[in-house]
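Just below is one structure, and these are the notes that go with it.
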């Protein structure tokens, strides 16, 4: 007896997918074409959300935070350094801008004594000598910028840092390491005050 005749029919589904129907001995088996499987895989791939843009945004945010933190850290370190370096320049400019200062009641200074005062940002000396003359000069030693003092008992201006000695009337350097005289100012005595003028 011969085998049942095997028939194959190719039909198309409503979705447009080709199927192959094999009829053998009254039983039928439907097999979808390879195109259907490929179509499902494509749909699944398209349905999966892409994580690349989200990851890029996260990295950009982290890099931005790191950059901001770095700028803040640099500013925190740089500003004190800037102030340290700029201070001498600013002080010199401020001191140079002051040309005159009035000292209230300085005319009452006893003979043979001195008054320390600020001329701009630098210390200065006003001296009322025993012969009733006056002199004023910078109190900054020309050697290493130490502050000098008037010593009435020895009639001298003395720098205790390196034993520099200056003349109390002219500010001339007379002993020790100071290379230049002290800067001398002009003194004008008024009733109730003394005016000290640069140059």
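Within segment 105-149, work out how many residues are surrounded by 13 or more Cβ atoms within 10 Å (Cβ to Cβ) and part of a strand (DSSP E or B).
21
Kindly evaluate residue 169 against the criterion of being outside any loop (DSSP other than H, G, I, E, B), in the same structural domain as residue 108 (by TED's automatic domain parsing), under 28 Å from residue 108 (Cβ atoms) and at pLDDT 95 or above.
No.
Being exposed (fewer than 14 other Cβ atoms within 10 Å of the Cβ) and not in a loop (DSSP other than H, G, I, E, B) is true for just one of 195, 188. Which residue is that?
So the residue among 195, 188 that is exposed (fewer than 14 other Cβ atoms within 10 Å of the Cβ) and not in a loop (DSSP other than H, G, I, E, B) is 188.
Filter segment 150-173 down to the residues that are touching a strand residue (DSSP E or B) at 6+ places or on another chain (Cβ under 6 Å) and surrounded by 15 or more Cβ atoms within 10 Å (Cβ to Cβ) and list them by number.
Within segment 150-173, 150, 156, 157, 158, 165, 166, 167, 168, 169, 171, 173 meet the criteria.
The values are calculated or read from the model by the stated rules, or taken from the named source; none is laboratory data. Please read these numbers as outputs of a predicted model, since none were measured by experiment. With ideal geometry, Cβ positions are generated from the backbone for all residues, glycine too; neighbour counts draw on all protein chains shown.
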